[in-house]
Every structure is written in C-alpha cells, then in structure tokens.
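Trainee: Before I ask anything, let me first share the structure, which is written out below as structure tokens.
The values are calculated or read from the model by the stated rules, or taken from the named source; none is laboratory data. Bear in mind that the values here come from a model prediction, so they are computed numbers and not experimental data. Cβ coordinates were reconstructed from backbone atoms using ideal geometry, including for glycine residues, and neighbour counts include every protein chain displayed. We work out accessible area using only protein heavy atoms, side chains counted, and drop any ligands, DNA or RNA first. Shrake-Rupley method; radii C 1.70, N 1.55, O 1.52, S 1.80 Å.
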Amino acid sequence: IAAIVLYQIILATATTLSETCGSDSIPTNDTDLKAQTTADQSSFQCSGDAFGLSACEYGDLLNVANMMYANFYVNGLQFLVCMLLIYSLGKFTHLPAEKLQFDKKNASRLMMLFGGICKQGPWLFRLLHFLQGILIFGSWLMMVLGYCRGNLAYSSYCISYSENCAYNKARNCQYYYVYCQPDATLLLGCYTEAGRAAFSGRMDIRVLSGVHCVACGILEADFANTMGTDEFYLLDDSSKGTAAWVCNEQLEGCFHTTAWSSIKCGTSTSGGTCEASLGGVVTADYLSGTLAEIVCARRRLDFQMLDADGRRLNESTDDGDAAADGD
C-alpha cells in the first residue's frame, strides 16, 4: 500500500505544477543562477515543487507503477483466500467428529461449499504466493538494475548549466500545457524526450517571470521555434543602462527573450492579454515608445488582415457549397 501511495505521488508530478516558483531566494541574474547551479550540482528547483522529476520516460515510470499495482492486487487476493480458509476451517472445527464422518449425505450446500474451500483453497493460496514471489523478484531486479532511478535535475546537462537541461525543458513544457495551452494528453509528453524537445532548457520559466501572460507569451514563441533551445535567460547587472535592459525598477532583475515584440503587441495567443500587466514589468519608455507603437500597429494590422482573409475564404467556401446544393 505504501508503494502504491508513493508512486501515485510520483506520477502526480507529471500532471501538476505550481504556477509560481514559491522560493524566497530566487536568483535574479544569470551569474547567480549559474553559480548556484554549479554549487548545488543540480538545476535550480522551485520550493513549490515537492518532488523532482524522475529521470526516465513516462512509459517506463508507468511500468514501475504497474509492477506495484500487480503486487498489491495479488497480495490482496492472498489475503482474501486466507480469510476464507480461516473462516471455513473454523466452521468445521466446531462440528462434532461423528457428523463429519457419518452424516455427509445430509450436509447442507453451504457446508459443502466450505468443504470445497478447505480442500482447494490451499492450492490457490500457494499459486498466488508463487506469483507474489515472481513479482517481488521483478521489483527487486528493477531496483538492482537502476530502472527509473535518478532525478532529471541532477543530469549532466543540468549540472553544467546547459540550455539542453532536461529538467528545465520538462518544467517549461509542463507550465505551457497546464497554464498556457491546457492539454492533458500533450502534458504527459513532457515526461518524454521528444515531447519536451521544443522548449528551452537553460532555466525554469517561473524563475524568469511570475507574470502569467509574459511567461506564456515567452513559452509560445519558444515552442514555435522548435530549433531554438536558449531563447530566454536572465541578464547580468552589467546590462543595466543598455538597450537589452527593458525592465522597470520594480523588478530586482531583468531578462532577455525573443518574444518581447509579440508580448508587447498583444499578438500572442496564449496566457491572455498583457496590457494590464506589462506596466509592472517593462519601463514606460519601452512600452509606449513611438517606434514601438508603429511596429505594433503594423503587426496588429497584419494579424487583422490575416483574420479577414481567413473569414473571406470561409465565406466563399460556404457560398460555393450553398450554390452547389441549389444546383
């Protein structure tokens, strides 16, 4: 039972994720994050995540869970057979010996059933006991061979602060499919190398920004560019005063992302609009600059024209279908 509960908790880490990091000591620049990663010999993990991510594919994790379930069910059947044997033997124990020896023809059907359980039950119990031994040996073999052992946060790419860190890729993938584009089926793919491959892995998006629409806009652009694995990261203090530092003074640090334009112009499709939230993230000059407004207007116009073309195409298709029906 304890194994079942434990593996249910581990499996739950594949489908649940806290929206914010929940850590008091979140690094605010790239140098600090890299230093903490190399010092801890693991990727930075948010305190809101009770458990790490197992270093195996989701299918392999299910195999371990299924082994635990099989042990549980076989053990439960053993217990049931054992209780039936005890009860049946108890019934015969309280019968007079002469009734058992000389009154078999007048035995009730219930008594005959108890007799059958007493006669055949031990064989069934031994068979279940044999199956239990095989399953325990299989579980032991999994442990000896290191099946599904390890934590993604301690993998080599994560220790070396690489943009290919599987733990950060998986967390960003989870955030995207839980909060930005909810999809329970694709969410399970985050536990596979192929399912999380499109996301950047230098850092967890929750360390970068706690603003929902900004995080979703960044991940949307990241997911769209499947070849890019380092599309957002924290900036160092040396970047203050440069064009790269667009964050306002309310934030302790700032970050780079290739998605600033789509987030600011409101053309990202996940996470909702950022108009009310961006004021607490970027400077007023960056948010309302003349050149930026022209670029945003052009981008919005392009998107509006695409939507209009799509509607006209749909209308012409519907008209054609209606004409064909009329003929």
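Trainee: Per residue, how much accessible area does segment 125-284 have with a 1.4 Å probe, in Å²?
Mentor: Accessible area per residue, segment 125-284: 46 Å².
Trainee: Something else now. Rounded to the nearest 0.05, what FRET efficiency do Y69 and A35 have when you use their Cβ-Cβ distance and R0 = 41 Å?
Mentor: Computed FRET efficiency for Y69 and A35: 0.40.
Trainee: Now for a different question. Hey, with R₀ at 35 Å, roughly what FRET efficiency would Q181 and S288 work out to, going by the Cβ-Cβ distance, to 0.05?
Mentor: That gives a FRET efficiency of 0.75.
Trainee: Please report the accessible area of W140 (heavy atoms, 1.4 Å probe, ligands and nucleic acids excluded) in Å², nearest 10.
Mentor: Roll a 1.4 Å probe over it and W140 shows about 130 Å².
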